[in-house]
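Okay, structure first, notes after.
Every read-out reported here was derived from the displayed coordinates using simple, explicitly stated rules and does not represent laboratory data. Bear in mind that the values here come from a model prediction, so they are computed numbers and not experimental data. Here the Cβ is made from the backbone with ideal geometry for all residues, glycine too, and neighbour counts use every protein chain on show.
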Amino acid sequence: MTATIDEDRLSETFAALANSTRRAILARLAEGGATVNELAEPFEMTLPAISKHIKVLERAGLVVRGQRAQYRPCALDPAPLEEVSAWAERYRPVWEARFDRMDDYLKQLQATKAGKGND
Amino acid sequence: MIDKGSADAVEIERIVDAPAALVWQMWTDPEHFKAWYGPDGATIPVAKMDVRVGGTRLVCMEVQTPNGPMRMWFTGEYREVVENERLIYTESISDENGHVPAPSDMGMPEGHPTTTEVRVELRDIGGRTKMVMTHVGIPHDSPGAAGWAMALGKLTAYIAAYSDR
């Protein structure tokens, strides 16, 4: 995987995710598209309040809205989330390289020990 | 592209050609730790480790840049210490005194997790050691962790399905 990571965009994704209502909205959308009314149902919040959260998600590129229908259904766009995943995966090569060095270092260490043992 | 487990964790399993007691020292003895931990081109000039539950750690990583050496500091706390078997510690970016900046100081929203967790499990297999290292983006007992875990879990499944399309 060679996805390059746009740090600003990643911060925006995290900012959008750093709210439990917005995470719940995304989890709901992961099951399929929904209208704002449908998304508002499980929450004790006004429609404008929910709309505000959806706007934040839209700006972060996590939610796209239909243009044609009057009720403009919301859908999840997972592209920014793939970057979050890439962010975690970025640590993998760092750790792999570290463990390669641990192997080399252990080899040296045990060779020295064995050498001393034979004296 | 999505690995097993959560979207915010990296898990690596290795068979290390050394006894578990020696591999344990690689993680807990500062002199040994300095020898392998730094990424390519980096050195570890400082590694302070109070290896007991609740004990703190402070690690300095130094990289050479065209503008001279750059130092990065990381602090953390030991959560689990079972000699030769299991080590869990947290890690946060800090200053040289181990002070961790608030998320807002790093341009991140309040409540954004800034601490990661490293878990190391060792198992002796006839003189060699099976080592499983898990680096988790959001420790389970950090504020809001349950919500994050649930949302990320669902979303990871969704992304996996999406990537297969």
- [ ] Return the distance in nm (one decimal) between the two label points of a simple spin-label model at B:Arg123 and A:Ser51, each offset 7 Å from Cα along Cα→Cβ.
- [x] 5.6 nm
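Grab the beta carbon distance between B:Met70 and A:Gln67, set R0 = 45 Å, and tell me the FRET efficiency rounded to 0.05.
0.40
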Open item on the list: If I model the stretch B:58-99 as equal point scatterers sitting on the Cα atoms and use the Debye formula, what is log10 I(q)/I(0) at q = 0.15, 0.20 Å⁻¹?
Closed with: -0.48, -0.68
Task: the stretch B:21-30 - phi-based ³J(HN,Hα) in whole Hz, Karplus 6.51/-1.76/1.60, Gly and Pro as x - done: 4, 6, 5, 4, 5, 4, 8, 10, 9, x
- [ ] Pop out the Kirkwood hydrodynamic radius of the stretch B:9-138 from its pairwise C-alpha distances, inverse of mean 1/r, in Å to one decimal.
- [x] 15.7 Å
- [ ] With r as the distance between the Cβ atoms of A:Arg9 and B:Ala102 and R0 = 22 Å, compute the FRET efficiency 1/(1 + (r/R0)^6) and round to 0.05.
- [x] 0.45
Open item on the list: How large is the convex hull of the C-alpha atoms of the stretch A:7-89 per residue, in Å³?
Closed with: 89 Å³
- [ ] Determine the sum of side-chain charges near B:Leu122: Lys and Arg each +1, Asp and Glu each -1, restricted to other residues whose C-beta is under 12 angstrom from that of B:Leu122.
- [x] +1
Task: Between the stretch B:47-63 and the stretch B:116-134, the alpha-carbon center distance in angstrom - done: 19 Å
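May I ask you to list the trypsin sites (Lys or Arg not before Pro) in the stretch B:49-93 that are in a DSSP loop and have at most 15 other Cβ atoms within 10 Å of their Cβ?
Hits after loop and neighbour filter: B:Arg52.
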